[in-house]
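The values are calculated or read from the model by the stated rules, or taken from the named source; none is laboratory data. As the structure is a computational prediction, the values presented were derived from the model and not from experiment. Cβ placement follows ideal geometry from the backbone for every residue including glycine, while neighbour counts extend to all protein chains displayed.
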Amino acid sequence: MIIAEWKPLPELVEILKGHTNVLVAGCATCVAECAAGGEREVETLAPLLKMALKNEGCTINVLTRTVERQCEWEFVEELAEMTPKVDAIVSLACGIGIQAVAERFPDLAVYPGVNTTALAIRQEPGLWIARCAACGDCVLGETFGFCPVARCAKSLSNGPCGGTRKEGKCEIDENIDCVWFQIYERAKARGKVEQLLKVRKPRNWSNSGHGGPKRVVREDLRP
Amino acid sequence: MMKAGSKLEKTLRAGHFAVTVEVGPPRGPNPEDVLRKAQQLKGVADGYNVTDNQTAVVRMSSIAGARLLQEAGCEPIMQMTCRDRNRIALQSDLLGAWALGMRNCLCLSGDHQKAGASGKLKGHPGAKNVFDVDSIQLISILKEMRDAGVLESGDPISQPTPFFIGAVWTPLAPPEEFRILRLAKKIEAGADFIQTQAVFDMKRFATAVASAHDKGLTTKASILVGIIVPKSAKMLEYMNANVPGVEVPEGLIKRMAAAKDQRQEGYQITVELIQAARNIPGVKGVHLQAIESEEVLPEIIRSAGLLPRPQV
């Protein structure tokens with residue numbers, strides 16, 4: 001899923017000063033799964049915002065609405081019945097959803113309530129870990145199902161840097177697994193270490209954002 | 001046949017036990033800071049290893065530092081990391097460095113930018129890293145530019161850039177069994193010489209080198225053992241606990257702690273480590289680091305019986 005994290009409350013308060021009617025819009029898909037922008041978080045954030053702004057001497061009216069997916073036009077449309085009543089929207093969706101809302105309601109100020117941070121999995125309750133970098137050149141078949149692009153701090157292609165800690169952790173954070181340590185362990189367990197001996201050539205990054213904003217056309221699906 | 005004809009290459013080819021020393025460029029633009037180190041160290045080593053923003057702290061660029069050393073009569077080994085430049089910038093810098101007279105290049109992935117925020121420094125932990133290619137791919141790039149006269153794209157350059165290509169080996173970092181395989185990959189990619197992470201446990205290191213020897217790697221590339229001059233028991237403890245791949249035997253820490261003059265003891269330990277390393281078959285030289293205390297190196301190298309350096 002796409003994961004996101006709340007922006008600091010003071011940042012939102014600063015942004016909303018001067019607005020009188022604000023819609024806090026949630027998304028019931030990824031950001032709900034990562035407990036950042038689903039209905040529960042929307043209903044938690046709304047009174048917090050109202051109170052924090054009141055403390056700053058600003059009275060605002062906060063409406064709330066959580067739609068199934070802010071990244072699909074048909075669901076974004078559900079916000080249309082609320083928008084005549086507000087002068088700003090704080091979207092707790094990922095960056096895709098926020099942009100869809102801003103595009104659909106171009107006359108309104110649309111603000112991000114979250115920072116979108118990664119493509120991740122919920123590893124344990126309350127713990128999410130990045131899994132994919134959307135790099136456009138998937139190597140998971142060669143790396144035993146562990147992504148070195150998203151999960152190595154240096155996105156290395158040919159094995160671990162010299163910074164692997166004693167417990168197989170990354171040099172930049174003792175709580176992060178060294179993914180190349182994991183890849184090696186898996187290769188060894190599968191009896192396929194030789195698969196890691198090939199010198200891998202520089203990657204082609206052009207099928208991701210590095211090749212320009214991604215645009216996918218499927219002629220078979222075009223109207 | 002010589003690959004780059006650098007002094008380091010000639011020294012190793014002639015079978016001499018090579019000595020290289022690390023010279024960190026200054027955190028400022030003053031060339032005198034580099035030239036002072038050059039004066040202290042001139043003539044005591046076959047190569048002067050110039051770091052490339054090590055620990056992600058902004059310093060004078062390795063190319064500029066290397067050029068200043070060269071002008072002062074010290075043959076530089078320019079370090080190049082993959083953290084800050086993509087393949088376009090790396091290759092451009094290689095062309096420029098060669099034009100300026102560099103003939104040795106040590107390829108590294110580079111410390112993560114988070115490492116820069118430590119001690120008193122704020123560093124640039126918010127920087128965007130690059131890592132377009134990794135250190136092994138950078139080695140391949142240098143090899144292709146030298147041996148085929150082409151860029152990574154396959155496009156030709158007007159003439160080849162013969163560099164003597166270096167790589168780093170951290171034999172004692174986990175997963176330890178894979179480290180020797182990664183060394184083999186680096187050599188297959190084109191590494192001519194290998195500089196190791198700092199070694200304090202020569203017994204364990206000797207086992208790792210024996211394994212490299214058995215795989216025929218020590219004849220394909222020249223291994224230079226990395227040795228850091230220890231300054232105190234506290235420093236040894238710190239490195240043992242915090243620097244991945246650096247293993248300091250407990251006895252050594254105790255010996256240091258018990259010494260009356262820890263600095264002096266550190267020099268003695270360094271000399272002993274050099275001598276122990278010379279006796280390991282397959283070790284072709286030593287790479288010495290005396291972080292910001294380079295002035296102690298000439299005496300250490302002399303005590304280890306490695307002066308004068310051979311003329312090649």
Q.
Condition check: farther than 25 Å from B:PRO125 by Cβ and either at the interface with chain B (Cβ under 8 Å from one of its Cβ atoms) or not polar (S, T, N, Q) (or both). Does A:LYS169 satisfy that?
A. no
**Q.** Any strands (runs of 3 or more DSSP E) falling wholly within region A:51-132 and containing at least 2 residues that are farther than 23 Å from A:LEU9 by Cα
**A.** A:114-124, A:127-132
Q.
Would you confirm whether or not region A:140-152 contains a residue that is of a type in the set (Ser, Thr, Tyr), at the interface with another protein chain (Cβ under 8 Å from one of its Cβ atoms) and crowded, with 18+ Cβ neighbours inside 10 Å?
A. no
Q: For A:CYS178, state whether it is buried (at least 18 other Cβ atoms within 10 Å of the Cβ), in contact with a strand residue (DSSP E or B) (Cβ under 7 Å, 6 or more places away or on another chain) and not assigned by TED's automatic domain parsing to the domain that holds A:ALA100.
A: yes
Q: Return a yes/no flag: does region A:16-26 have any residue that is free of Cβ contacts under 8 Å to residues at least 60 places away in the same chain and surrounded by fewer than 18 Cβ atoms within 10 Å (Cβ to Cβ).
A: yes
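To keep it simple, each residue is scored yes or no on (1) under 17 Å from the mean Cα position of the chain (by Cα); (2) touching a residue at least 40 places away in the same chain (Cβ under 8 Å).
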{"site": "B:GLY216", "(1), (2)": "no, no"}
{"site": "B:SER222", "(1), (2)": "yes, yes"}
{"site": "B:LYS234", "(1), (2)": "no, no"}
{"site": "B:GLU250", "(1), (2)": "no, no"}
{"site": "B:MET256", "(1), (2)": "no, no"}
{"site": "B:ASP261", "(1), (2)": "no, no"}
{"site": "B:ALA277", "(1), (2)": "yes, yes"}
{"site": "B:LEU288", "(1), (2)": "yes, yes"}
{"site": "B:LEU307", "(1), (2)": "no, yes"}
Q | Looking only at region B:114-142, and only at residues there that are surrounded by fewer than 22 Cβ atoms within 10 Å (Cβ to Cβ) and in contact with an Asp or Glu (Cβ under 9 Å, 6 or more places away or on another chain), the one that is farthest from A:GLY163 (Cα to Cα) | A | B:ALA127
Q) Quick one: in region B:110-126, which of the residues that are under 23 Å from B:LYS186 (Cβ atoms) and either part of a helix (DSSP H, G or I) or among the small types (Gly, Ala, Ser) (or both) is modelled with the lowest pLDDT? A) B:ALA115
Q | Pair list, Cβ < 6 Å and 6+ apart or interchain, from region A:188-212 residues that are more than 8 Å from every other protein chain (Cβ to nearest Cβ) and within 18 Å of A:LYS154 (Cβ to Cβ) to residues that are surrounded by 15 or more Cβ atoms within 10 Å (Cβ to Cβ) and not acidic (Asp, Glu) | A | A:SER208/A:CYS135; A:SER208/A:GLY136
Q) What number of residues in region A:172-187 are within 11 Å of chain B (Cβ to nearest Cβ) and in contact with a Pro (Cβ under 9 Å, 6 or more places away or on another chain)? A) 6
Q: Working only within region A:52-96, note down all residues that are among the basic types (Lys, Arg) and over 18 Å from A:ALA4 (Cβ atoms).
A: A:LYS54, A:LYS85
Q. So B:GLY154 fits all but one of (1) within 14 Å of another protein chain (Cβ to nearest Cβ); (2) more than 30 Å from A:ASP177 (Cβ to Cβ); (3) under 21 Å from the mean Cα position of the chain (by Cα); (4) not in a strand (DSSP E or B); what number is the exception?
A. (3)
Q) Inside region B:220-251, can you point out the residues that are assigned to a helix (DSSP H, G or I) and surrounded by fewer than 20 Cβ atoms within 10 Å (Cβ to Cβ)? A) B:LYS220, B:LYS234, B:MET235, B:GLU237, B:TYR238, B:MET239, B:ASN240, B:ALA241, B:ASN242, B:GLU250, B:GLY251
Q: Kindly check whether there is at least one residue in region B:127-137 that is in a helix (DSSP H, G or I) and either over 20 Å from the mean Cα position of the chain (by Cα) or away from chain A (no Cβ under 12 Å) (or both).
A: no
(Q) When you scan region A:117-132, do you find a residue that is of a type outside the set (Asp, Glu), modelled with pLDDT of 95 or more, in contact with a Gly (Cβ under 8 Å, 6 or more places away or on another chain) and outside the structural domain of A:ASP177 (by TED's automatic domain parsing), even just one? (A) no
Q.
Being without any contact (Cβ under 8 Å) to a residue 60 or more places away in the chain and either part of a helix (DSSP H, G or I) or within 14 Å of B:ALA191 (Cβ to Cβ) (or both) is the requirement here; does B:LEU106 meet it?
A. no
(Q) Consider region B:169-219. How many of its residues are of a type in the set (A, V, I, L, M, F, W, C), within 12 Å of another protein chain (Cβ to nearest Cβ) and in a helix (DSSP H, G or I)? (A) 7
